[in-house]
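The values are calculated or read from the model by the stated rules, or taken from the named source; none is laboratory data. Quick caveat, the model's predicted, so the values are computed rather than measured. Note that we place each Cβ from the backbone using ideal geometry, even for glycine, and neighbour counts take in every protein chain shown. When the accessible area is computed, the model is the full protein with side chains, heavy atoms only, and any ligands, DNA or RNA have been set aside. Shrake-Rupley method; radii C 1.70, N 1.55, O 1.52, S 1.80 Å.
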Amino acid sequence: MAGRLLRGCGRAAAAGWAPVLRALPAAPGLCPRRGCGEAAALRAMGFSEEQARRLLGLQPRLGPQRRVAAAAQLLLLGLSTEAALGLLERSPGLLRMPTERLQDRAGELRRLGLDGGQLQRAVTVCPQLFTLPRRRMAAAVRLLRERCLFTAEQLREVLGTCPAVLLEEPRRLLHHFQYVYFRMGLQQKEMVKACLFRMPFAELRNRHIFLERRGLYRTPYKGQTQTSNPKLKDILQLPEKDFLASLAHATPEEYEVFKKLLAREEEEAEEEEEEEDRDALYAEENEDLDSEGSKTAQE
C-alpha cells in the first residue's frame with residue numbers, strides 16, 4: 001500500500017500531502033478530531049496504528065502535515081516504516097527541516113554514488129547528513145578526491161561503509177589518511193578494503209605503534225609490496241581481545257600499560273614543543289630589544 005501511494009504521488013508526496021489528507025478517512029482508534037488527517041495519511045502510507053501514534057507524538061507543535069511530509073521523504077529513500085520512524089525518533093530535528101532540503105540532500109548523496117541499500121544505511125546510521133552544511137560535505141568530498149586521491153569508485157565504497165566520514169573536519173580527515181599512507185606505508189585500495197575510517201584515529205594509532213614496538217610491524221620501503229606485516233583489515237576490524245591474542249601476542253594488561261605510557265609520552269612532547277615555542281618567542285623579543293638599543297646608542 002505504501003509503495004503504491006508513494007509511486008503515485010511522486011514529488012507531490014514530498015512537497016505536501018494536504019490534498020491526500022483531505023481525501024483520506026480518519027484512522028480508527030486514533031484521535032477523532034485533532035490530527036486525524038495526519039493519522040489517516042500515515043496509515044495509508046503503511047504505518048501501523050501504533051507507529052502512527054508514536055510519530056504523531058513527535059514535535060507536537062509542528063504545523064500540519066510536517067510529520068507526514070518528512071516520513072514520506074524517508075519512505076521514498078526506501079526505508080521501511082519502522083526504520084523511518086526510528087530515524088525520526090532519534091533525530092526529531094529532521095521534522096523541522098523543509099521538505100525541499102531533505103530532497104536536495106538525498107539527491108547530493110545519490111550524486112556521490114550512494115543509492116539503494118547504501119543510501120538507506122547511510123541516512124539511518126548517520127542522520128546528521130541531512131543537517132550537515134553543504135560546504136562541509138563538499139570540503140570532505142573534495143579532500144578525499146583531490147588530496148587523498150581516492151577514485152570515484154573508491155569514494156563510493158568509503159561513503160557506503162562509513163558515511164560519518166563526511167562529518168569529519170577536513171584537517172583531521174587528512175591527518176588520518178596521511179598517517180596510514182606515509183607512516184604505515186599503505187595504499188588507497190587497502191584502506192578502502194579495510195574500512196579505514198570506521199575506527200577512530202587514536203585507536204588506530206595505538207594499535208599500530210603497539211605492533212611496531214613489539215617488532216610486529218615495519219613501514220615498507222618505497223615500492224615494496226610484499227611484507228610480513230599484518231593486514232590493515234585485521235588491525236582495524238578485529239575486536240581488541242582478538243587483536244591482542246592473534247596479532248600482538250600480548251595481554252590486555254600489557255596493552256593498557258602501553259596506552260598509558262604512550263599518552264604520557266605525547267603530553268611530554270607537547271610540553272617540550274610549547275617550551276620551545278616560548279623560547280623562540282623570547283629570543284625574537286630579545287633580538288628586537290637589542291636592535292632598538294643599538295639604534296639608540298648610535299643616535
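Out of the helices (runs of 4 or more DSSP H) lying entirely within segment 169-260, which hold 2 or more residues that are within 18 Å of GLN154 (Cβ to Cβ) and open to solvent by less than 20 Å² (accessible area, probe 1.4 Å)?
Working: elements: 170-178, 188-193, 201-213, 232-237.
Result: 170-178, 232-237.
Somewhere in segment 62-80, is a residue among the β-branched types (Val, Ile, Thr) and either at pLDDT 75 or above or part of a loop (DSSP other than H, G, I, E, B) (or both)?
Let us first name the residues in segment 62-80 that are among the β-branched types (Val, Ile, Thr), namely 68.
Filter once more, keeping what is either at pLDDT 75 or above or part of a loop (DSSP other than H, G, I, E, B) (or both): 68.
Yes - at least one qualifying residue is present in segment 62-80.
Just the residues that are hydrophobic (A, V, I, L, M, F, W, C) and within 22 Å of GLN120 (Cα to Cα), please, taken from segment 147-171. Don't jump to the end; show me each part of the working.
Residues of segment 147-171 hydrophobic (A, V, I, L, M, F, W, C): 148-150, 152, 155, 158-159, 162, 164-167.
Of everything in segment 147-171, those that are hydrophobic (A, V, I, L, M, F, W, C) and within 22 Å of GLN120 (Cα to Cα) turn out to be ALA152, LEU155, VAL158, LEU159, CYS162, ALA164, VAL165, LEU166, LEU167.
Among the residues of segment 122-135, count how many are more than 12 Å from the chain's Cα centre (by Cα) and modelled with pLDDT of 90 or more.
1
Note down all Cβ pairs under 8 Å where the first residue falls in segment 237-248 and is closer than 15 Å to LYS259 by Cβ, the second is open to solvent by 60 Å² or more (accessible area, probe 1.4 Å) and among the basic types (Lys, Arg), and they're at least six residues apart or on different chains.
ALA248/ARG214
Please indicate, with yes or no, whether at least one residue in segment 91-113 is farther than 25 Å from GLU157 by Cα, among the hydrophobic types (A, V, I, L, M, F, W, C) and either open to solvent by less than 10 Å² (accessible area, probe 1.4 Å) or assigned to a helix (DSSP H, G or I) (or both).
For segment 91-113, residues farther than 25 Å from GLU157 by Cα, among the hydrophobic types (A, V, I, L, M, F, W, C) and either open to solvent by less than 10 Å² (accessible area, probe 1.4 Å) or assigned to a helix (DSSP H, G or I) (or both): present.
Hey, any hits in segment 154-166 for a residue that's within 26 Å of GLY78 (Cβ to Cβ), touching a helix residue (DSSP H, G or I) at 6+ places or on another chain (Cβ under 9 Å) and surrounded by fewer than 16 Cβ atoms within 10 Å (Cβ to Cβ)?
Applying the first criterion (within 26 Å of GLY78 (Cβ to Cβ)) to segment 154-166 yields 154-166.
With the extra rule that they be touching a helix residue (DSSP H, G or I) at 6+ places or on another chain (Cβ under 9 Å), the set shrinks to 154-166.
Those still in the list that are surrounded by fewer than 16 Cβ atoms within 10 Å (Cβ to Cβ) too: 164.
Yes, there is a match, as at least one residue in segment 154-166 is within 26 Å of GLY78 (Cβ to Cβ), touching a helix residue (DSSP H, G or I) at 6+ places or on another chain (Cβ under 9 Å) and surrounded by fewer than 16 Cβ atoms within 10 Å (Cβ to Cβ).
For ALA280, state whether it is open to solvent by less than 80 Å² (accessible area, probe 1.4 Å), among the small types (Gly, Ala, Ser), within 27 Å of LYS193 (Cα to Cα) and in a helix (DSSP H, G or I). Before the answer, list the steps.
Numbers: open to solvent by less than 80 Å² (accessible area, probe 1.4 Å): yes; among the small types (Gly, Ala, Ser): yes; within 27 Å of LYS193 (Cα to Cα): no; in a helix (DSSP H, G or I): yes.
No.
Kindly list the number of the only condition in (1) open to solvent by 30 Å² or more (accessible area, probe 1.4 Å); (2) out of contact with any Phe, Trp or Tyr (no Cβ under 9 Å at 6 or more places or on another chain); (3) not hydroxyl-bearing (Ser, Thr, Tyr) that fails for ARG67.
Of everything listed in (1) open to solvent by 30 Å² or more (accessible area, probe 1.4 Å); (2) out of contact with any Phe, Trp or Tyr (no Cβ under 9 Å at 6 or more places or on another chain); (3) not hydroxyl-bearing (Ser, Thr, Tyr), ARG67 misses just condition (1).
For segment 164-196, give me each residue that is under 28 Å from PRO133 (Cα atoms) and without any contact (Cβ under 8 Å) to a residue 24 or more places away in the chain.
Residues satisfying the conditions are GLU169, ARG171, GLN178.
State which residue is farthest from the chain's Cα centre (by Cα) when the search covers only segment 203-236 and only residues that are modelled with pLDDT under 95 and within 27 Å of PRO170 (Cα to Cα).
LYS222
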